[in-house]
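**Student:** Take this structure first; my questions come after.
The values are calculated or read from the model by the stated rules, or taken from the named source; none is laboratory data. Quantities reported herein were computed from a predicted structural model and do not represent experimental measurements. Using ideal geometry, Cβ is built from the backbone for each residue, glycine included, and neighbour counts are taken over all protein chains shown.
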Amino acid sequence: MSAADARSAVDEDAAGGAVGYHWAWGRGCRNTNAPSDDRQTAGLWATRLSVMNNALDGKVALVTGGGRGIGAAVALRLAEDGADVALTFQHNQQRADDVVDQIKAVGRRAITVQADSADPAAVVAAVDRAAGELGRLDILVNNAGAFLLGPLEQLSLEEFEQTVAVNVRAPFVASQAALRHMSAGGRIINIGSNVAERAVFPGFSLYAMSKTALIGLTKALGRELGGRAITVNLVNPGATDTELNPADGPNADTINGFTALGHYAKPADVAAAVAFLASPDGRYITGATVNVDGGFTI
């Protein structure tokens with residue numbers, strides 16, 4: 001996608017695109033600490049998978065911009081791990097409903113909430129509705145984003161205000177609202193971008209600035225909420241294979257060349273990092289930035 005094409009793209013999920021998640025212990029892997037008997041090995045890993053898939057049992061999550069792309073992958077992964085999920089969308093009710101149907105298919109409750117992330121009142125209402133209808137709120141994933149690119153001289157103040165409203169103010173407001181419902185053990189997980197740490201292409205000044213703000217919010221809020229046993233972390237995806245940024249796009253070869261692993265992430269790769277931070281295993285991590293970018297920033 002060219003900067004000119006991307007400049008006008010504003011979406012409830014800044015990455016957009018299709019989702020999917022699957023992994024298994026394959027024949028090509030060997031665990032030297034596992035029992036030698038194949039049946040014992042199968043039983044051990046079946047037990048481990050069962051524990052992992054129920055890590056969030058009884059929890060309730062809200063994923064903003066959860067109707068597509070990274071947001072949908074996160075919503076589905078949290079449900080697979082046991083959480084009931086509310087997800088917001090701005091425009092596409094059908095896509096959000098499709099995600100809800102998939103969540104219900106794995107035996108979890110799910111609702112959609114229409115909300116414009118640029119409207120603070122709508123953000124607060126979405127948080128309150130999620131907690132009210134699902135009974136509590138344990139996990140907030142601030143995923144919704146505005147993706148506006150272009151040369152600095154050509155960006156308007158309206159575009160500046162729109163980007164900051166969605167990418168900075170909305171996570172701030174949603175976190176404020178969530179804390180009224182969240183108890184000890186709560187999780188706030190912000191979704192940023194690795195362009196906050198490395199600018200390779202021109203035209204990212206506004207977007208990178210807005211995502212860099214999340215680093216400060218995450219660190220300061222992590223410190224502030226530590227005494228309440230609520231963790232706050234930031235996941236910075238790199239190039240992720242979505243509708244907005246497909247792995248076969250015009251800049252793919254260049255991006256892959258800057259990436260240590262040499263390829264784009266899948267939305268499920270980002271969702272896996274979010275799920276870990278949301279789980280009990282992530283309880284001692286706060287104020288951290290986790291780059292899920294295949295080594296783009298190293």
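**Student:** Among the numbered criteria (1) small (Gly, Ala, Ser); (2) surrounded by 16 or more Cβ atoms within 10 Å (Cβ to Cβ); (3) under 29 Å from Ala118 (Cβ atoms), which single criterion is violated by Gly216?
**Tutor:** The single condition Gly216 does not satisfy is (2).
**Student:** Scan segment 160-179 for residues that are within 14 Å of Thr218 (Cα to Cα) and among the polar types (S, T, N, Q) and report the count.
**Tutor:** Within segment 160-179, residues that are within 14 Å of Thr218 (Cα to Cα) and among the polar types (S, T, N, Q) number 3.
**Student:** Inside segment 179-213, can you point out the residues that are without any contact (Cβ under 8 Å) to a residue 60 or more places away in the chain, in contact with a strand residue (DSSP E or B) (Cβ under 7 Å, 6 or more places away or on another chain) and part of a helix (DSSP H, G or I)?
**Tutor:** Ala196
**Student:** Working carefully through the options Asp119, Asp138, find the one that is more than 16 Å from Gly65 (Cα to Cα) and out of contact with any helix residue (DSSP H, G or I) (no Cβ under 7 Å at 6 or more places or on another chain).
**Tutor:** Only one candidate passes the filter, namely Asp138.
**Student:** Evaluate the following for Arg68: is it buried (at least 20 other Cβ atoms within 10 Å of the Cβ) and within 15 Å of the chain's Cα centre (by Cα)?
**Tutor:** So Arg68 fits the description; yes.
**Student:** Same structure again: Taking segment 76-98 as the region of interest, how many residues are in contact with a Leu (Cβ under 8 Å, 6 or more places away or on another chain) and free of Cβ contacts under 8 Å to residues at least 60 places away in the same chain?
**Tutor:** 6
**Student:** Considering only residues that are hydrophobic (A, V, I, L, M, F, W, C) and either in contact (Cβ under 8 Å) with a residue 40 or more places away in the chain or under 14 Å from Pro237 (Cβ atoms) (or both), which ones fall in segment 256-283?
**Tutor:** Hits for segment 256-283 are Phe258, Leu261, Ala265, Ala268, Val270, Ala271, Ala272, Ala273, Val274, Ala275, Leu277, Ala278.
**Student:** For segment 207-214, check the following and say yes or no: at least one residue is at pLDDT 95 or above and more than 18 Å from the chain's Cα centre (by Cα).
**Tutor:** The answer is yes, given that some residue of segment 207-214 is at pLDDT 95 or above and more than 18 Å from the chain's Cα centre (by Cα).
**Student:** Would you confirm whether or not segment 176-195 contains a residue that is closer than 27 Å to Tyr264 by Cα, over 18 Å from the mean Cα position of the chain (by Cα) and not acidic (Asp, Glu)?
**Tutor:** So far as segment 176-195 goes, no, none of its residues is closer than 27 Å to Tyr264 by Cα, over 18 Å from the mean Cα position of the chain (by Cα) and not acidic (Asp, Glu).
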